[in-house]
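Let me begin by presenting the structure, written as structure tokens, before commenting on it.
The values are calculated or read from the model by the stated rules, or taken from the named source; none is laboratory data. This structure is a prediction, so every number in the text was calculated from the model and none was measured. As a convention, Cβ positions derive from the backbone with ideal geometry for all residues, glycine included, and neighbour counts pool all protein chains shown. These area figures cover heavy atoms from the full protein model, side chains too; ligands, DNA and RNA do not enter into them. Shrake-Rupley method; radii C 1.70, N 1.55, O 1.52, S 1.80 Å.
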Amino acid sequence: MRFMAQKNNNDLFFTCSLIEYIGREMKLKRSQVVKQLGVEAVQRIYEYADVFHCEPIAKVADDFIERYKLEQGTFDNVEMCIYEVPDYWIMGEVYERLIEDTAEDDTIVETLMEVYQSWIDDYLSDYNIAVYYQPREYIAECYKEGTIL
């Protein structure tokens with residue numbers, strides 16, 4: 001039986017927005033952010049998001065960057081964007097919805113790790129092709145099919 005993840009999961013929204021923020025700060029693909037953080041750190045962010053969101057996101061990002069010794073990269077999708085750059089909250093919502101729409105049972109963090117480290121991360125992170133701007137159902141269906149439809 002298919003379990004629908006909680007819609008408007010604020011903890012997931014904050015977690016995804018923080019991943020986006022860290023990616024921009026560290027010039028890392030979002031897949032690299034979750035890989036460098038690891039599942040334990042991502043689980044911690046998700047579990048304590050209601051506490052972390054009380055602090056400025058820049059401070060929380062700096063704390064995780066320092067604690068997990070994230071390495072600086074060269075990926076700068078903000079600089080490469082020729083159109084209006086979506087803010088990190090918008091991108092957090094895009095990933096949140098995709099994870100909600102594809103998570104099975106109680107596997108939010110596992111699904112998050114899978115989504116961010118999958119092929120779709122390259123498409124969602126390319127602000128010039130604006131896949132992120134498409135309806136959530138379309139993005140979820142593309143992810144499930146393994147290709148842009």
*Return the distance in nm (one decimal) between the two label points of a simple spin-label model at Lys144 and Asp122, each offset 7 Å from Cα along Cα→Cβ.*
2.4 nm
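Using a 1.4 Å probe on the protein chains only, how many percent of the accessible area of segment 49-108 belongs to carbon and sulfur? Provide the component values of the computation, followed by the final result.
On the way: 1830 of 3600 Å².
Percent of accessible area from carbon and sulfur atoms in segment 49-108: 51.
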*Which trypsin sites (Lys or Arg not before Pro) does segment 12-75 hold that lie in a coil by DSSP with at most 14 other beta carbons within 10 Å?*
Lys69
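Divide, for segment 62-149, the radius of gyration over alpha carbons by 2.2 N^0.38 Å, where N is the residue count. Mind dumping the intermediate values first?
Values: Rg = 14.0 Å, N = 88, 2.2 N^0.38 = 12.1 Å.
Relative to the rule-of-thumb radius for its length, segment 62-149 sits at 1.16.
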_Among Glu93, Glu55, Glu110: highest mean-square fluctuation, GNM of the chain, C-alpha pairs under 10 Å_ = Glu55
_At 20 angstrom or more along the helix axis (alpha-carbon based) and mean Kyte-Doolittle of -1.0 or higher, what helices does the chain contain? Whole DSSP H runs only._
10-26, 30-47, 88-102
*asked:* Sequence gap at least 6, Cα distance under 8 Å: using those rules, report the relative contact order of segment 1-103 to the nearest whole percent.
replied: 52 percent
_Students sometimes get this wrong: rank Ile82, Ile45, Ile65, Ile90 by accessible area, probe 1.4 Å, all chains present, largest first._
Ile82, Ile90, Ile65, Ile45
*Looking only at segment 107-129, which residues have a backbone nitrogen under 19 Å from a spot 7 Å from the Cα of Val39 in the C-beta direction?*
107-119
*Using label points projected 7 Å from each Cα along Cα→Cβ, tell me how many nm separate Thr107 and Lys59, to one decimal.*
3.7 nm
*If you average 1/r over all unlike Cα pairs in the chain and invert the result, what Kirkwood radius do you get in angstrom?*
15.3 Å
